[in-house]
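Beneath this line is the structure, given in structure tokens, with notes to follow.
The values are calculated or read from the model by the stated rules, or taken from the named source; none is laboratory data. Given the structure is predicted, the values throughout are model-derived calculations rather than measurements. Neighbour counts run over all protein chains shown; Cβ positions are idealised from the backbone, glycine included. Quick note on the areas: whole protein, heavy atoms, side chains included, nothing else; ligands and nucleic acids left out. Shrake-Rupley method; radii C 1.70, N 1.55, O 1.52, S 1.80 Å.
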Amino acid sequence: MAEAGAHSPLEQFEIKSIFPTGGHGEIGTLTFTNSSLTMVAALVLISAFLILGMRRGALVPGRMQSLAEMSYEFIAGLISDTVGAEGRRYFPIIFTLFMFILFGNLLGMLPYSFTFTSHIIVTFALAALVFIGVTILAVAKHGMHFFSFFVPPGAPLAMWPLLIPIEVISYLSRPISLSVRLFANMLAGHTLLKVIAGFIGLLGVFGILPFALVVALTGLEILIAFLQAYVFAILTCLYINDALHLH
């Protein structure tokens, strides 16, 4: 059983302690894990990418500077298209979320690495941060008028008892859908890669077929890594737009 478990496709998602504190399950115990290490690595890589890319600020940008500028312009354009000029002040949080999720997804593609975005606790924490922040923004801007958001414009009064609960449930489900979408895509993609890769050695010379499939799926997973970071960022922009303009 132990030998079979060692090759489990889900073993790659196991959180392991790197610097144990001696506690086992006590409330308040802090432990530096492989997930923590990957998050720190993502922050270091993002900082290095942006600092080194914009260090010279050449008129004719090199590759690193071009990538850094493209990242900036991509998020700036996304905010402009979804929120408008009023959304410029929220650029730092959206850009930070996009880069953190993107680098977390890409780091998980490295062999023997760890994908922290494949854990629901991480993605839900990010989604909850967005949800709480957007709700506070909406209440601060509109006051009690914020609750009109749960009444669709033009809806007859007789339909309010039915529509309001639906709108409230839809609003409260935002952090769940936002977190599950990212978590499920990362979990499913990496599990599939692990399962198919397990057939390469078992099939011997015929392992070339699953190997080719793994290469193709790896390219698809890299694309999904970008796509999921983009989806998280654009939904955050849409939620901010709702908070600023309600209906």
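Tabulated data for the structure shown
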item	result
Any chance Phe232 is more than 23 Å from Asp81 (Cα to Cα) and either among the charged types (D, E, K, R) or in contact with a helix residue (DSSP H, G or I) (Cβ under 6 Å, 6 or more places away or on another chain) (or both)	no
Residue list for segment 32-56, restricted to those being open to solvent by 50 Å² or more (accessible area, probe 1.4 Å) and not in a helix (DSSP H, G or I)	Phe32, Met54, Arg55, Arg56
Enumeration of residues in segment 57-75 that are open to solvent by less than 50 Å² (accessible area, probe 1.4 Å) and either out of contact with any helix residue (DSSP H, G or I) (no Cβ under 8 Å at 6 or more places or on another chain) or at pLDDT 80 or above (or both)	Gly62, Gln65, Ser66, Ala68, Ser71, Ile75
Conditions (1) open to solvent by 50 Å² or more (accessible area, probe 1.4 Å); (2) at pLDDT 75 or above; (3) in contact with a helix residue (DSSP H, G or I) (Cβ under 8 Å, 6 or more places away or on another chain); number of the one not met by His7	(2)
Residues of segment 86-123 classified as basic (Lys, Arg) and touching a helix residue (DSSP H, G or I) at 6+ places or on another chain (Cβ under 9 Å), total	1
In segment 82-95, residue surrounded by the fewest Cβ atoms within 10 Å (Cβ to Cβ) [restricted to those that are assigned to a helix (DSSP H, G or I) and in contact (Cβ under 8 Å) with a residue 24 or more places away in the chain]	Glu86
